[in-house]
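Quick notes on the structure that follows.
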Amino acid sequence: MRKLITFAAFLLLLAKAFAAGSISITGVSIPSSVTQGDSFTITAYISGSGVTDVSSVLALPEGISCTPSGSQSVSLEGGSGSASWSCSAILTGDYTGKITVTVTGKDTGTGATVSDSAQTGLLVLSPASLVAASSLSSSSVEKGNSVTLTIGVNNLGDSPTTCNITLNCPSGLTCSPSSATGISIPGKGLVYSYFTLTGNSAGTYTIKVRITSLVQSEIVLSEALTVTSPPAAPSGGTTGGTGGGISLGAGAGGEVGEMKENILIEATEGAVDVTIFSVSAGEEVNVSLKNFEIPFTGFRVLVSKTLQNVEIKITPLPAPPENVEELPNAYRYLFVETENLTEEGISEVNISFRVNKTWISENRIDANTVKLYRWNGSWQALPTSRTGEDENFFYFSAVSPGFSVFAISGERMVEPKKCPPCPEPTPWSECVNGKRTRINYICSAETNYECKMIVEEEPCEVKEEEKSEFNIKLLLILLLTFIGIFFVLIKKGVIKFQKLRLIKKSR
């Protein structure tokens with residue numbers, strides 16, 4: 001039994017001499033994104049067998065700093081271990097796939113170096129940075145009436161944040177609500193908040209707006225609102241005048257309007273009011289708005305029944321009204337209110353509009369994709385055609401079933417995809433069984449323009465000195481094997497020296 005155990009131990013040692021060591025990175029732990037200036041940890045999980053002197057190192061791009069900066073030893077107790085680095089995000093950028101973890105070790109059987117590597121990375125976001133602006137729907141309001149205060153907060157950074165808005169509402173006004181808290185603003189996002197200001201007493205008031213957040217100091221805005229007293233009621237009797245005339249003079253805060261046939265057009269504080277005094281069933285009404293500073297340049301309405309005193313008010317908005325979703329790449333929003341006009345009285349509406357070429361260029365919009373959208377519980381694209389252009393504008397025409405909230409939008413031009421710089425290939429491994437390998441990176445349309453890691457293999461020849469060294473080792477192993485087997489046979493009695501000697505004496 002002892003002989004068998006000895007022989008098994010010898011075979012085990014022999015197997016270890018021929019066994020090849022291996023090492024691999026089984027995983028890398030790293031956050032998907034951090035904010036510039038933040039710290040984070042990279043941990044590589046490693047497994048291996050038949051290797052000693054295991055160490056790991058990071059290859060880092062500019063903008064990321066980690067410690068330890070050089071190689072660190074790795075203990076593979078039980079065949080597995082890990083290596084960790086404490087890192088700092090110095091510069092913003094996309095570092096996905098740009099951090100290389102490499103682990104190496106020495107094969108205990110052959111003494112050769114074995115290694116493995118893995119690509120990892122993360123996004124470094126710029127910190128949140130807020131700017132804000134405010135606007136009143138009207139700079140004056142009659143006592144008892146209200147205006148809307150719009151506050152827009154824009155986050156110029158990549159990281160999301162929250163802010164609070166507080167109004168310092170003076171006496172003489174009622175502000176509802178007086179504050180808004182926990183407003184969430186995504187990275188590169190713009191958020192609007194709306195407040196209603198009601199005039200209680202005549203006078204001019206300054207409303208202070210304070211915007212606070214955890215990312216920067218307080219932002220203070222201010223708006224002035226004048227509250228006027230209602231006009232005195234007539235004392236009785238009739239007023240003089242020619243009668244029957246229509247005044248086109250400018251009112252408070254308004255602009256001079258236009259009178260054409262039975263249509264009156266007036267512009268007041270950015271909005272355009274159109275009054276159609278009468279129109280018969282089957283008639284078409286053409287309204288030109290080219291002389292007014294709004295995106296709509298006109299509209300044509302075909303009515304299905306006789307209408308009287310139709311009023312159409314077109315108000316450009318910096319954001320969609322409440323309960324209306326934002327539309328991506330919106331150029332303008334327009335709210336069209338009507339009186340004495342319903343969709344049942346309309347056969348068709350054709351709306352003409354224009355889009356500034358500067359906006360098209362700055363936002364890289366494809367002018368051929370510009371459309372007019374109508375809100376009807378959701379945004380619906382209207383049939384839109386491009387009708388012309390001049391030095392400053394592109395002109396379009398769209399068909400709508402009626403009036404509502406509108407938005408003008410277009411699609412951004414798609415830039416051709418390009419491959420990023422890929423990491424350099426690793427050095428070729430040692431020649432084993434006539435082959436050697438390395439890790440390389442390729443990028444093309446087939447890889448979706450991303451750097452993809454591949455293992456390359458090519459034939460090779462072992463150098464003569466390496467062959468010689470290998471042959472000597474092989475001869476020594478065979479010799480030891482033969483000697484071991486020889487002694488085992490002697491112990492088992494297969495070979496008996498004593499009998500040989502007796503035979504020789506008898507001769």
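The values are calculated or read from the model by the stated rules, or taken from the named source; none is laboratory data. All figures in this text were calculated on a predicted structure; none of them were measured in a lab. Please note: Cβ atoms are built from the backbone with ideal geometry, for glycine as well, and neighbour counts cover all protein chains shown. These accessible areas exclude ligands, DNA and RNA; they are computed on the full protein's heavy atoms, side chains included. Shrake-Rupley method; radii C 1.70, N 1.55, O 1.52, S 1.80 Å.
For the reader, a short list of remarks on this structure follows.
- In the set S347, S280, only one residue is open to solvent by 30 Å² or more (accessible area, probe 1.4 Å), in contact (Cβ under 8 Å) with a residue 24 or more places away in the chain and within 21 Å of T384 (Cβ to Cβ); that residue is S347.
- Conditions (1) in contact (Cβ under 8 Å) with a residue 40 or more places away in the chain; (2) under 24 Å from L123 (Cβ atoms); (3) open to solvent by 70 Å² or more (accessible area, probe 1.4 Å): number failed by T162: (3)
- Test: residue in the stretch 291-303 that is closer than 30 Å to I151 by Cβ, of a type in the set (D, E) and either in contact with a Cys (Cβ under 9 Å, 6 or more places away or on another chain) or not in a strand (DSSP E or B) (or both): yes
- The single condition among (1) assigned to a strand (DSSP E or B); (2) open to solvent by 60 Å² or more (accessible area, probe 1.4 Å) that I265 does not satisfy is (2).
- Among the residues of the stretch 69-83, those identified as within 19 Å of T52 (Cα to Cα) and of a type outside the set (A, V, I, L, M) are G70, S71, Q72, S73, S75, E77, G78, G79, S80, G81, S82.
- Sole residue being open to solvent by less than 20 Å² (accessible area, probe 1.4 Å) and not aliphatic (A, V, I, L, M), chosen from G78, G63, G37, G50: G63
- Within the stretch 392-442, strands (runs of 3 or more DSSP E) holding 2 or more residues that are closer than 30 Å to E344 by Cβ: 393-400, 405-409
- Taken over the stretch 182-216, the criterion of being open to solvent by 50 Å² or more (accessible area, probe 1.4 Å), of a type outside the set (S, T, N, Q) and assigned to a loop (DSSP other than H, G, I, E, B) is satisfied by P186, K188, A202, L214, V215.
- Residue match in the stretch 63-78 (condition: free of Cβ contacts under 8 Å to residues at least 12 places away in the same chain and among the charged types (D, E, K, R)): yes
- Residue in the stretch 407-426 that is open to solvent by 60 Å² or more (accessible area, probe 1.4 Å), more than 35 Å from the chain's Cα centre (by Cα), of a type in the set (A, V, I, L, M, F, W, C) and modelled with pLDDT under 90 present: no
- For the condition open to solvent by 90 Å² or more (accessible area, probe 1.4 Å), in a strand (DSSP E or B) and more than 30 Å from I294 (Cβ to Cβ), E457 qualifies.
- Positions within the stretch 308-334 being open to solvent by less than 30 Å² (accessible area, probe 1.4 Å) and either part of a loop (DSSP other than H, G, I, E, B) or over 21 Å from V399 (Cα atoms) (or both), in sequence order: A319, P320, V324, L327
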